[in-house]
Amino acid sequence: MMNKRKFLKQSVLVSAGASIAPSILLSACKTEPKKEEIMKTDTIATSTFKLPEIPYGYNAFPDVIDAMTMEIHHTKHHQGYTDKLNAALKEANISGKTIEEILSMDNLPTAIRNNGGGYYNHSLYWDILTPGGAMSDSFKNKITEDFGSEETFMNELSDAAANRFGSGWAWVVQDGNKKLQIFSTPNQDNPLMNVAEMQGTPVLGIDVWEHAYYLKYQNKRGDYLKNIMDIINWGKVEDRMV
């Protein structure tokens, strides 16, 4: 039977582990500081990923995304990717790496590619939907520099999302030359993976899997995309640029 001293010691350790809240990292030792504006994704002391909370709640955007879709998307789909990622990492004996480092590895096992992508992509998605955040003048200038105009940028982003066949994501990525690019990926792939058409720093990801919008929009992906553009926090997008 566990004595009182051992029980108290383990309780303190569990309590300490539960309080750790770095960014999207797989490290129990040290985390790099992140910008205050970017939503944190918790880890726990046993070096496993934890589902990030949505600080603005499931009913923040009822005219754009209904509360039921938000709740199912977060607690079922995103939670499922998180759990399966942890299991796949344990099986592959991978630990002590950030999710970015993991997804950048060569020859990722399918389970880590799919579920690691699902974990990372959704974490970014929830963050850039936080309320508020119009485009700054500096961001508008960057868009004009890289795309010619804000209108062209928005049209290309909408087209990338609308024309992605089947399930996937539309991305704004900053490439190695710090230029913004737009493209899409299938399934849960993302620009961190060497299998993607383009690599770079993801600054915006739009989920075009049907589970992101089907309860409210059915097959009308275009309506979902039109409305989702209205709740993107462009300050969050700009904060992710390097």
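Taking the Cα centre of the range 63-242 as origin and assigning +1 to Lys and Arg Cβ atoms and -1 to Asp and Glu Cβ atoms, the resulting dipole is close to 360 debye. Taking a ≥ b ≥ c as the square roots of the Cα gyration tensor eigenvalues, the range 82-149 comes out prolate, since a/c reaches at least 1.5 and a/b is larger than b/c.
Alpha carbon centre of the range 90-159 versus the range 174-242: separation in Å? Centre-to-centre (Cα) distance: 6 Å. Cross-link pairs exceeding 32 Å in C-alpha to C-alpha distance, out of 179/216; 97/178; 76/179, comprise 179/216; 76/179.
For the range 63-242, the convex hull spanned by the alpha carbon atoms encloses 114 Å³ per residue. Couplings 3J(HN,Hα) of the range 93-100, computed from phi: 6, 10, 8, x, 10, 6, 5, 5 Hz, in residue order, whole Hz [Karplus 6.51 cos²θ - 1.76 cosθ + 1.60, θ = phi - 60°; x for Gly and Pro]. 3J(HN,Hα) couplings calculated from phi for the range 119-127 with the Karplus curve 6.51 cos²θ - 1.76 cosθ + 1.60 (θ = phi - 60°) are, in sequence order, 5, 5, 4, 5, 4, 5, 4, 4, 5 Hz; Gly and Pro show x. Ordering 223, 189 by the number of other Cβ atoms within 10 Å of each residue's own Cβ, fewest first, gives 223, 189. Per residue, the Cα convex hull of the range 196-242 amounts to 91 Å³. Each other residue within a Cβ distance under 11 Å of residue 129 adds +1 if Lys or Arg and -1 if Asp or Glu, for a net charge of -2.
Determine, from the Cβ-Cβ distance of residue 177 and residue 93 and an R0 of 30 Å, the FRET efficiency 1/(1 + (r/R0)^6), rounded to the nearest 0.05.
Using R0 = 30 Å, I get an efficiency of 0.25.
Length gain on complete extension for the stretch residue 167 to residue 198, per 0.36 nm per residue less the alpha carbon to alpha carbon distance?
So the chain would gain 9.4 nm between residue 167 and residue 198.
The numbers here are math on the coordinates, done by the rules we state, and not lab data. On a predicted model such as this, the values are computed, not experimentally measured, just so you know. Every residue, glycine among them, receives a Cβ derived from its backbone with ideal geometry; neighbour counts consider all protein chains shown.
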